[in-house]
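Okay, structure first, notes after.
Values in this text are rule-based calculations from the coordinates and carry no lab data. Only a predicted model underlies this, so the values are computations on that prediction, with no experimental measurement involved. Note that each Cβ is placed from the backbone with ideal geometry, even for glycine, and that neighbours are counted across all protein chains shown.
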Ligand SMILES: C[S@@+](CC[C@H](N)C(=O)[O-])C[C@H]1O[C@@H](n2cnc3c(N)ncnc32)[C@H](O)[C@@H]1O
């Protein structure tokens, strides 16, 4: 993997633009159908994978959720822990849904929604937990992880989940067949590019090792990888040492 500090600024900018274009091609116009389709596309496991992520959190009161999408995890954390939640997301279309849902749930005062690239999100604030589902494969982790660690409070947990390519052959077979079936099942509504290109993105990403390495390099401790559903998804987390 090419490290950003070895690249010219303009080359780094171009690869970032390429990644953002990929995200745009995957998610353009999918806001209204996202929640239903993430459920179907994960065999209903999305909820279970998020529950496991939440089980590592110890009632954090100031949370940052990266790539918050339509707010599934962010709003659940606002409900469950009762604190403040900040979401960052590239798609304004998705953030409109977050705002509407937060308003309806009575969380408008305790939630904030920023439109932009999570890689570069850096504010003068400390978060007890930084969470994310399905972002690592889309970002330069050499940029994102150091930025997040700067905003993590002492004792705080940084945890990310995403799909992963399983190691066992029979599970690989399930993975390999899955996206073709999804294309037959859910077509139109902006989802076709996703089913065609996501398998290649997932086979090419090295997000688990890159996240764990970056977390360690940035001084996080207890860095742990947790495979989910026989490695079809994984969690990686690390904790900032208490001051
Ligand atoms: C599969 S969705 C997951 C949404 C949400 N985390 C969830 O679990 O329901 C992936 C999301 O990542 C967002 N995304 C991808 N790259 C991003 C980036 N660099 N910065 C912010 N959001 C990003 C996309 O716009 C999309 O909403």
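If I build a Gaussian network model for the chain, linking alpha-carbon pairs within less than 10 angstrom, which residue out of 142, 32, 65 has the largest mean-square fluctuation?
For the chain, modelled as a Gaussian network with Cα springs under 10 Å, the answer is 32.
Can you tell me the equivalent ellipsoid semi-axes for segment 65-176? Use √(5λ) from the Cα gyration tensor, largest first, whole Å.
Sorted largest first and rounded, they come to 25, 18, 14 Å.
Any chance you could tell me what percent of the C-alpha pair distances in segment 139-243 go past 22 Å?
42
Choose one answer from 124, 196, 103: the residue with the largest mean-square fluctuation in a GNM of the chain with alpha-carbon springs under 10 Å.
Maximum fluctuation in the GNM of the chain, among the listed residues, is at 124.
Compute the relative contact order of segment 32-149 as a whole-number percentage, counting only Cα pairs closer than 8 Å that sit 6 or more residues apart in sequence.
After rounding, I find 26 percent.
Which one, 162, 58, 96, has the greatest fluctuation when you compute a Gaussian network model over the chain with C-alpha springs under 10 angstrom?
With Cα springs under 10 Å in the chain, the top fluctuation among 162, 58, 96 is at 58.
Order these peptides, 200-207, 166-173, by their mean beta-carbon neighbour count within 10 angstrom, highest first.
Output ranking for 200-207, 166-173: 200-207, 166-173.
Can you put 165, 34 in order of Cβ neighbours within 10 angstrom, beginning with the fewest?
With the fewest neighbours first, 165, 34 line up as 165, 34.
Among 224, 30, 111, 131, which comes first, second and so on when ranked by fewest other beta-carbon atoms within 10 Å?
Ordered from fewest to most neighbouring Cβ atoms within 10 Å, 224, 30, 111, 131 come out as 224, 30, 111, 131.
Please tell me the relative contact order of the chain in percent, rounded to the nearest whole number, where contacts are Cα pairs under 8 Å and at least six residues apart.
Once normalised by length, the contact order is 19 percent.
Please report, to two decimal places, log10 I(q)/I(0) for segment 189-238 at q = 0.28 Å⁻¹ as given by the Debye formula with identical point scatterers on the Cα atoms and no solvent.
Taken in order of the listed q values, log10 I(q)/I(0) reads -1.02.
Calculate, in nm to one decimal, what residue 43 and residue 10 gain on full extension: separation in residues at 0.36 nm each, minus their alpha carbon distance.
Going from the current span to full extension adds 7.8 nm.
Rank these for me by crowding, 222, 176, 128, going from fewest to most other beta carbons within 10 Å.
The order, fewest Cβ neighbours first, is 222, 176, 128.
Express in % the proportion of alpha carbon pairs of segment 8-107 at distances exceeding 22 Å.
Within segment 8-107, distances greater than 22 Å cover 39 percent of Cα pairs.
How big is the equivalent ellipsoid of segment 4-239 along its three axes, where each semi-axis is √(5λ) from the Cα gyration tensor, reported in whole Å from largest to smallest?
25, 22, 19
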